[in-house]
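Working notes for the structure below.
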Amino acid sequence: MNTAVDTAKREREAPYEGPLLDVRDLHVEFVTRDGVAKAVNGVDYSVSAGETLAVLGESGSGKSVTAQAIMGILDMPPARIPRGEIRFRGRDMLTMGKEERRKIRGQKIAMIFQDALSALNPVLSVGYQLGEMFRAHRGVSRAEAREKAVELMERVRIPAAKQRVNDYPHQFSGGMRQRIMIAMALALEPDLIIADEPTTALDVTVQAQVMDLLAELQAEYNMGLILITHDLGVVADVADKIAVMYAGRIVETAPVHELYARPAHPYTRGLLDSIPRLDQKGQELYAIKGLPPNLLRIPPGCAFNPRCPRAQDVCRAEVPDLFPVTEEDGTPLEGRGSACFFWKETLHDR
Amino acid sequence: MGSYVLRRVLQMIPVFFGTTLLIFVMVYSLPGDPVTALFGDKAADPAVVASIKHTYYLDQPIWKQYLHYMGNLFQGDFGTSFTGRPVSDIMADAFPVTIRLALMAFVFEMVLGLALGVLSGLKRGSIADTLVLILTLVVISIPVFVLAYIAQTVFATNLGWVTPTVQDSYDLTQLVLPATVLGSLSLAYVARLTRTSIGENLRADYIRTAVAKGLPRRTIISRHLLRNSLIPVVTFLGTDLGALMGGAIVTEGIFNVQGIGNVLYRAINQKEGPTVVGIVTVLVIVYLVASLLVDLLYAVLDPRIRYA
Amino acid sequence: MPDIHDEDSYEPHPKPGVSHLDYAGEQGMAVEQETLVERDPVKREEARSLWGDAWRDLRGRPIFLISAVLILLLVVMAIFPWAFTDTDPRKADLVNDYLRRPNWGDVFGGGWFGYDAQGRSIYARVIYGARASITVGIFVTAAVTVLGGLTGMVAGYFGGAVDAVVSRITDIFFGIPLLLGALVLLNAFATRTVWSVVIALGVLGWTQIARVMRGAVLTVKQADFVVAGRALGAGTGRLMFRHILPNAIAPVIVVATIALGGYIATEATLSFLGIGLQDPTISWGIDISSAQKVIRTAPYVLFFPAAALSVTVLAFIMLGDAVRDALDPKLR
């Protein structure tokens, strides 16, 4: 197809060493009638080409807001970003001009939304909405855009793409619609894709197909992927590393399998324990007590302390940093961190 | 599509007969004898009254009168007024005037209403938005006859730009002021509806998607926002043309425009049954056809509507 | 009721005003919280109830407060007009110059707004005119809400053939423009009072409410709690009035409040055209109509009743707007 063109395009760009995306100390607030809701309170994470970062958390944990801040699609106001950096290939996007920022969206960083039915425009054909990427960013003709749209639909394995290109979103099944969302994100072969709960709205069997397709295409194009989810099951197979968020902060980071095997934060621990397991059939399922905090009034100290079985006085007084996690003998564990004063006890399960 | 249209037309038939019957009953079977009223204060000769009643079928039971009327209507005969003039003649004189008036009002409300609505919808919370909101609220609150007086006082009495009343109803320039007054209420509704619709759509997920796609702002507004936001406005405008014609009674009266509103008002006061029924029947047909067209247009604009 | 909401510090979700966050979070929430979090459903239900939220929202809206105060004042004026003026509104005070300009110093006095062409106090007539407008507005609205509400409920609840017949009947009445129909109907009354106007507008005006109610009932009927109620053997009446009605009434209230202002305007228009209220009933519409003759020399004769009418209509439309915004969070 046009692989030659794309290779040429990639070569023209200055080679960049280091992570594709680097988020540093990001803060996002929402000004509401009842006060300022602190949705994101100092998030750091990075993603490299070909890497998959899973961001895990409940709603209100700030995972989606972080993603929207990266995309630059927060409504400001009521949202505002008082502090932080979002570096893409080394350049802080928060200080860029509007037009420069716009050109990154869709071309360099693309996003896949949770509910494809509402995320696609109901009154425009899917062919138009796919082709629009090429028309807006590449200036191709209407006819050529339509051809590209068919190509994209074939690439995400939508049957009879040629016949269905003029259909409207509501005429597709949920799984097919999510494939169209993926095709739209892939259209201009971006460096980074942010997928916000891409499979939550789908049936379980379709979930797996869509996840597999996404992983396969990511590998093929060597893209970075940020996978935002609340579902521990989705994460396990595809992610390289995980960041767990709670009340707008990252409370634990770890390579995916280590997190499952040995969590180093009581919140992660609670999440894992509340998954039903076959070997515990008949026992009562564990549930984290209490409710997630009101973002207008985040408790002092560690935000998780009112719900934490290990909470001590220090947890109510001080906000824990993301401590590096080590083995008992002090051997550092690569890529692991926990924002808990008692990470050692949690890690070694006492 | 074909079967949908057919079904809608079939639904219209009972509504047409029902509405015309209702208006027929209201005009002919309510107290107040039109024929006696014809003679004013003079005592009527019972023989003459009986003969007039016979000519106009008024001595028959109401359902017979109605069937008789409908039979004639389908042959294009709207009956004869008590003054002896065919109702179709009266309407042929008056309808062109009202249609012009209503069309002018329609263009005015559409162009200005949409412009104001889009402006305030896109600039929510701005001074322009607040102004549009206050202005439309004021226009909605002031009854049209008061508005007509204000317009008359300002533009005719104070500024002297126009004559207070219309001298020649076929002169389009003289109809500008009455048309503006007639269209002002709908203008306010169009502006508010557009504003609300834009506000709702601005927050829709697909607009967020369009932003995430990196589309230029003007593409997002023209292709995604306006297209979707105007669907409810178009349907309002569609039914409003008929409403403007029916609502012209007050405006035509104050500005002395010789359209159906004026004719209808006189006819109601004089209990001129045939004229009232004739004009209202035409208005009902206009309304029914307009709502059918709006339904079809809606289906064209919004692909989610299925022709089930 | 609203206090519960304020005290509830464990609100799991911030309300970030207008934001995509609403959409992003809400859907996942049910699933997640079920697995992760214990919650007290009763408490949450109360805290998040539509009416509690709406009331809390309304109290903070200046538009609501202004219109509520205005309406309260108008209602008091309608019930106790004599508390606002000592002057008899029907007394023709024909001194040498019967058409007298407003005397601004004569606050609350008969000459405050001047005298009309028959030498009657305009101020007193403005005060006494409130009764006709408010009565017509409130009673027509009550009539159309009951009539239209029941019709819409029956059509929406029973569906099928019942719906088809009732909906066609609604269409038939909807096809007649309100003002035209009212003119024809009222023309049949030899003497017309407030109640004849109420009947005419009530008979012709119920269709909008019926359509809104039908739509709302159709939506609510699908809800799980209605299905559950039916499965548990609740009778038709109980389902209709205990389960469906409270959940379908919100859009009806909004439409009815806004329409109230419209009925007041329609009454004035009818009276203005000479087919509405008649002397000796005092109506702003009649006064505006009779001011026509002197509009060039004495515009104040037109101004005061016109202003009173417009402010009254405005108050009800503003109230309706505020209630709609409060009840329909989508539009916020």
Boolean, B:T83 is among the polar types (S, T, N, Q) and surrounded by fewer than 14 Cβ atoms within 10 Å (Cβ to Cβ): yes
Those residues of segment B:165-189 which are of a type in the set (V, I, T) and either closer than 12 Å to B:L137 by Cα or in a loop (DSSP other than H, G, I, E, B) (or both), in sequence order: B:T165, B:V166
Helices (runs of 4 or more DSSP H) wholly inside segment A:125-201 that include at least 3 residues being more than 14 Å from chain B (Cβ to nearest Cβ) and without any contact (Cβ under 8 Å) to a residue 12 or more places away in the chain: A:142-155
Residues of segment C:275-332 that turn out to be more than 10 Å from chain B (Cβ to nearest Cβ), without any contact (Cβ under 8 Å) to a residue 24 or more places away in the chain and outside any helix (DSSP H, G or I), as a count: 1
Qualifying residue in segment A:221-230 (condition: in a helix (DSSP H, G or I), in contact (Cβ under 8 Å) with a residue 24 or more places away in the chain and out of contact with any Cys (no Cβ under 7 Å at 6 or more places or on another chain)): yes
Matching entry among A:Q114, A:Q107 (being in contact with a Gly (Cβ under 7 Å, 6 or more places away or on another chain), in a loop (DSSP other than H, G, I, E, B) and either buried (at least 18 other Cβ atoms within 10 Å of the Cβ) or in the same structural domain as A:I226 (by TED's automatic domain parsing) (or both)): A:Q107
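For (1) facing another protein chain (nearest Cβ under 7 Å); (2) farther than 24 Å from A:L188 by Cα; (3) free of Cβ contacts under 8 Å to residues at least 60 places away in the same chain, each residue gets a yes or a no:
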position: B:V176; (1), (2), (3): no, yes, no
position: B:A188; (1), (2), (3): no, yes, no
position: B:T196; (1), (2), (3): yes, yes, no
position: B:N201; (1), (2), (3): no, yes, yes
position: B:I207; (1), (2), (3): no, no, yes
position: B:R217; (1), (2), (3): no, no, yes
position: B:S222; (1), (2), (3): no, no, yes
Criterion violated by A:L202 - all others in (1) under 23 Å from B:D302 (Cβ atoms); (2) surrounded by fewer than 24 Cβ atoms within 10 Å (Cβ to Cβ) satisfied: (1)
Pairs, first in a helix (DSSP H, G or I) in segment C:51-64, second loosely packed, with under 14 Cβ neighbours inside 10 Å, C-beta under 6 Å, six or more apart: C:G52/C:M1
Lone qualifier among C:T257, C:T297, C:T312 - being modelled with pLDDT under 90 and crowded, with 20+ Cβ neighbours inside 10 Å: C:T257
Qualifying residue in segment C:264-272 (condition: touching a residue at least 12 places away in the same chain (Cβ under 8 Å) and surrounded by fewer than 23 Cβ atoms within 10 Å (Cβ to Cβ)): no
Residues of segment C:169-187 classified as more than 26 Å from C:V154 (Cα to Cα), facing chain B (nearest Cβ under 7 Å) and touching a residue at least 24 places away in the same chain (Cβ under 8 Å), total: 3
Residue in segment C:210-228 that is of a type in the set (S, T, N, Q) and at pLDDT 80 or above present: yes
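To keep it simple, each residue is scored yes or no on (1) farther than 16 Å from A:T66 by Cβ; (2) charged (D, E, K, R).
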position: A:D203; (1), (2): yes, yes
position: A:L214; (1), (2): yes, no
position: A:Q218; (1), (2): yes, no
position: A:I226; (1), (2): no, no
position: A:H230; (1), (2): no, no
position: A:A243; (1), (2): no, no
position: A:R249; (1), (2): no, yes
position: A:V256; (1), (2): yes, no
Every pair of residues 6+ apart whose Cβ atoms lie under 8 Å, when the first sits in segment B:4-22 and is more than 11 Å from every other protein chain (Cβ to nearest Cβ) while the second is outside any helix (DSSP H, G or I) and modelled with pLDDT under 85: B:Y4/B:Y307; B:Y4/B:A308
Residue check for A:R269: within 14 Å of chain C (Cβ to nearest Cβ), surrounded by 15 or more Cβ atoms within 10 Å (Cβ to Cβ) and either touching a Ser or Thr at 6+ places or on another chain (Cβ under 8 Å) or on the phi > 0 side of the Ramachandran plot (or both): yes
Subset of segment B:134-156 (residues that are surrounded by 17 or more Cβ atoms within 10 Å (Cβ to Cβ), more than 18 Å from C:E267 (Cβ to Cβ) and more than 9 Å from every other protein chain (Cβ to nearest Cβ)): B:T136, B:V139, B:A151, B:F155
Hey, C:A190 under 30 Å from C:R90 (Cβ atoms), free of Cβ contacts under 8 Å to residues at least 12 places away in the same chain and touching a Gly at 6+ places or on another chain (Cβ under 8 Å) or not: yes
A:G84 surrounded by fewer than 16 Cβ atoms within 10 Å (Cβ to Cβ), out of contact with any Phe, Trp or Tyr (no Cβ under 8 Å at 6 or more places or on another chain) and on the phi > 0 side of the Ramachandran plot: no
Single match in B:G247, B:G259 (criterion: within 26 Å of C:G262 (Cα to Cα), out of contact with any Cys (no Cβ under 8 Å at 6 or more places or on another chain) and either among the charged types (D, E, K, R) or facing another protein chain (nearest Cβ under 10 Å) (or both)): B:G247
Segment A:218-236 - residue that is surrounded by fewer than 19 Cβ atoms within 10 Å (Cβ to Cβ) and away from chain C (no Cβ under 14 Å) and, of those, farthest from A:M153 (Cα to Cα): A:A236
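The values are calculated or read from the model by the stated rules, or taken from the named source; none is laboratory data. Since we're looking at a predicted model, the values are computed, not measured. In this analysis, Cβ positions are derived from the backbone assuming ideal geometry, glycine residues included, and neighbour counts consider all displayed protein chains.
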